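A.B. asks: Take a look at the following structure, please.
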Amino acid sequence: MLTDSFRLWASMLAALLVASLLAAAALSTGAEAQTTGCQGGVVLDAGHGGTDPGAINTKYDDIIEKDQVLDVARRLKALLEADGHPVCMTRTGDQTLSNRDRYTYANTTGARVLVSVHMNGSSESGTDYTTTLFGKWRKDKKLAYAVYGDHLAAKPLYGLVTLPAAEGSGTIARRAPYSFASGVLLKSNMPAIIAETVFITNHREAEWLKYGRTMPDGTVVSRQQQIAEALKTGIEYYLATYPSNS
Ligand SMILES: [Zn+2]
């Protein structure tokens, strides 16, 4: 009796030990344990996360950068994978990641490019434009311009539409790519950019992110999906145009 219960106890303890070892092994593999690899593909980095919310809209306080950029990154992952590009993500949930976590992980993946997805913030709630940031000119410039896309017929971020079109020119205001000394960009081995897709502090953008827009035919257009599709266009243009990173 005592022996049997001891055996049971010992086997449960052994099972617990194995389970915790497996959990520890899973944690030590990095930010994205379920990724099978993205050699030759794309690392998507949803900005902020965990204790770092990023920018927050003052009118819609549930429109928070860390959540919105993860939503866009998940949609972008699906779009890229549907076209055959392997995709890894630095975070798939609400984890707190340092810049070092992000570039260290990216450098283990063998991916061709790293795109860090953000939404911009301003104390002026009327401000809204799209842009991309690069770290090293030689390494990152072509990717920054491909995703910004002002020279492309199929306009990536440059052609990100405003909704409704009647309220403006039909496309979002733009700022040309510029340099930004982020560790994620400077210390990643592959071409890397930050996409400052839209201003989350802009109340109209926040409204679109929160509710989408109901079109005259009754369909609801997702702003997050529009942003993901714009980023996809630019990333795929880069991968097709520059078959190697040299
Ligand atoms: Zn940000």
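A.B. asks: Distance in nm between label sites at Q39 and S123, each 7 Å beyond Cα in the beta-carbon direction?
C.D. replies: For Q39 paired with S123, the spin-label model returns 5.1 nm.
A.B. asks: Within straight cross-link reach of K187, meaning Cα distance under 27 Å, which lysines are found once same-chain residues fewer than 8 apart are removed?
C.D. replies: Result set, ordered by chain and number: K66, K77, K136, K139, K141, K142, K232.
A.B. asks: Using a probe of 1.4 angstrom, how much of the accessible area of the stretch 38-241 is carbon and sulfur, in percent?
C.D. replies: Summing carbon and sulfur atoms, their accessible area is 50 percent of the total for the stretch 38-241.
A.B. asks: Suppose every K and R has +1 on its Cβ and every D and E has -1 on its Cβ; what is the size of the dipole of the stretch 38-241 about the Cα centre, in Debye to the nearest 20?
C.D. replies: 760
A.B. asks: Tell me, what is the FRET efficiency for S98 and A173 to the nearest 0.05, using R0 = 30 angstrom and their Cβ-Cβ distance as r?
C.D. replies: On the way: r = 32 Å, r/R0 = 1.06.
The formula returns an efficiency of 0.40 here.
A.B. asks: Moving on. With every protein chain present, what accessible area does H118 have (1.4 Å probe, heavy atoms only), rounded to the nearest 10 Å²?
C.D. replies: My reading of the accessible area for H118 is about 30 Å².
A.B. asks: A follow-up question, please. A240 to Q225: extension gain in nm, 0.36 nm per residue of separation minus the Cα-Cα distance? Before the final figure, lay out the partial values.
C.D. replies: Details: separation 15, 0.36 × 15 = 5.40 nm, distance 2.21 nm.
So the chain would gain 3.2 nm between A240 and Q225.
A.B. asks: Going by average Cβ neighbours within 10 Å, how do the peptides 87-95, 224-232 rank, with the highest at the top? It would help to have the intermediate numbers written out before the result.
C.D. replies: Values: 87-95: 20.1, 224-232: 22.4.
In descending order of packing, they fall as 224-232, 87-95.
A.B. asks: Hey, can you find the accessible area per residue of the stretch 38-241 for me, probe 1.4 Å, expressed in square angstrom?
C.D. replies: Values: 8400 Å² over 204 residues.
The answer is 41 Å² per residue.
A.B. asks: What is the local net charge at L44, summed over the other residues whose Cβ is closer than 9 Å to its Cβ (Lys, Arg +1; Asp, Glu -1)?
C.D. replies: Numbers: positive: R74, K77; negative: D45.
Its environment carries a net charge of +1.
A.B. asks: Can you tell me the order of 53-59, 216-222, 63-69 when each peptide is scored by its average per-residue count of other Cβ atoms within 10 angstrom, highest first?
C.D. replies: 63-69, 53-59, 216-222
The values are calculated or read from the model by the stated rules, or taken from the named source; none is laboratory data. This one's a predicted model, so the numbers in the text were calculated from it and none came from an experiment. Methodologically, a virtual Cβ is constructed for each residue, glycine included, from the backbone with ideal geometry; neighbour enumeration extends over all protein chains shown. Note: areas computed on protein heavy atoms with side chains; ligands, DNA, RNA excluded. Shrake-Rupley method; radii C 1.70, N 1.55, O 1.52, S 1.80 Å.
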